[in-house]
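Heads up: the structure comes next, in structure tokens.
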Amino acid sequence: MHGRLEHAFSLSASIGMICPICGSPYVRQEQSLVCQKGHTVNGNRKGYFNFLSRPAPDTYGKPLFEARQRVFHAGLYDGVMSAVFDEIQNGESVLDVGCGEGTYLHALADRGHNGKLAGVDISRQGIEIASTGEALFCVADMRHLPFAVHSFDTILNILSPADYSEFQRVLKPSGKVIKVIPGPDYLKEVREARHLKGGDSQADARLKEKMHIHKTRHVYEVKAIDAGLWPDILQMTPLNQDLTQEQFRDMAKTPARTLTIDLMILTAFPG
Ligand SMILES: [Zn+2]
């Protein structure tokens, strides 16, 4: 049963992948991609490629990504998603850097998007969940993306670190970055439950240094939430990864009634 892996090989050939170690193109040899200097990446039969020579520490485990999927399916991010998708034309090739469990790419494919789709994340756990559909998924370091120059029309970078020089390399000259960063009230109910202060994100300042911000859109929504979803909300965010199981259970007992989604969607061009 190698259907998924065959699909991943055919996507990798159409997208044009390069070795992140030496930059030379890959050719397929049986179930592997091999570059001109002999660096080899084995295809995983679940349908993805892992370009990391050693695994990244598993700060974000499978439960985080699964919780995130359930929160997305409950519709809490529908407003953000449609604001992001408004910036993407049908037919564009899209790379999601920090794609995690792949929700945005799956949703884009479900909308009938007919451009090439690829997602990378440093977490193998996220990519294993992601690699079920139309997009090519890779475990890779965003500072050394396994793609040739000028491969993509759009890079999505959603609540995730960025490497703008590397983004510019793989973007077409007319390409754009759609970056989502948290506003001050993002998930404030979760922070209040932990008595944490607001985050002080410098993400847009770094983006401004490297790129020209063409458009900023603010999504601010206070969503009513089902009590049953609260444990997933606690679980889905990196904020709570330091909690012990006991602390987590205590927090889960007193669900918030609302959740604040406060996110900025920035569309930016290189230069
Ligand atoms: Zn190589």
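The values are calculated or read from the model by the stated rules, or taken from the named source; none is laboratory data. Keep in mind that what you see is a predicted model, and the values were worked out from it rather than measured. Here the Cβ positions follow ideal geometry from the backbone for every residue, glycine too, while neighbour counts run over all protein chains shown.
A compact table of results
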quantity	calculated
Among the residues listed as Ile261, Ile233, the single one being buried (at least 18 other Cβ atoms within 10 Å of the Cβ) and outside any strand (DSSP E or B)	Ile233
Hits in the range 92-123 - residues which are free of Cβ contacts under 8 Å to residues at least 40 places away in the same chain and of a type in the set (Gly, Ala, Ser)	Gly102, Ala107, Ala109, Gly112, Gly115, Gly119
Residue within the range 137-154 that is of a type in the set (A, V, I, L, M, F, W, C), farther than 14 Å from Gly100 by Cα and within 15 Å of the chain's Cα centre (by Cα) present	yes
So Glu209, is it surrounded by fewer than 13 Cβ atoms within 10 Å (Cβ to Cβ) and free of Cβ contacts under 8 Å to residues at least 60 places away in the same chain	yes
Answer residue from the range 15-61, given it is among the β-branched types (Val, Ile, Thr) and away from the ligand (no atom under 16 Å from the Cβ) and is surrounded by the most Cβ atoms within 10 Å (Cβ to Cβ) among those	Ile15
Leading residue by the ranking (surrounded by the fewest Cβ atoms within 10 Å (Cβ to Cβ)) among those in the range 136-178 that are among the charged types (D, E, K, R) and over 21 Å from Val84 (Cα atoms)	Arg143
Of all residues in the range 248-258 being at pLDDT 90 or above and not in a loop (DSSP other than H, G, I, E, B), the one that is surrounded by the most Cβ atoms within 10 Å (Cβ to Cβ)	Met251
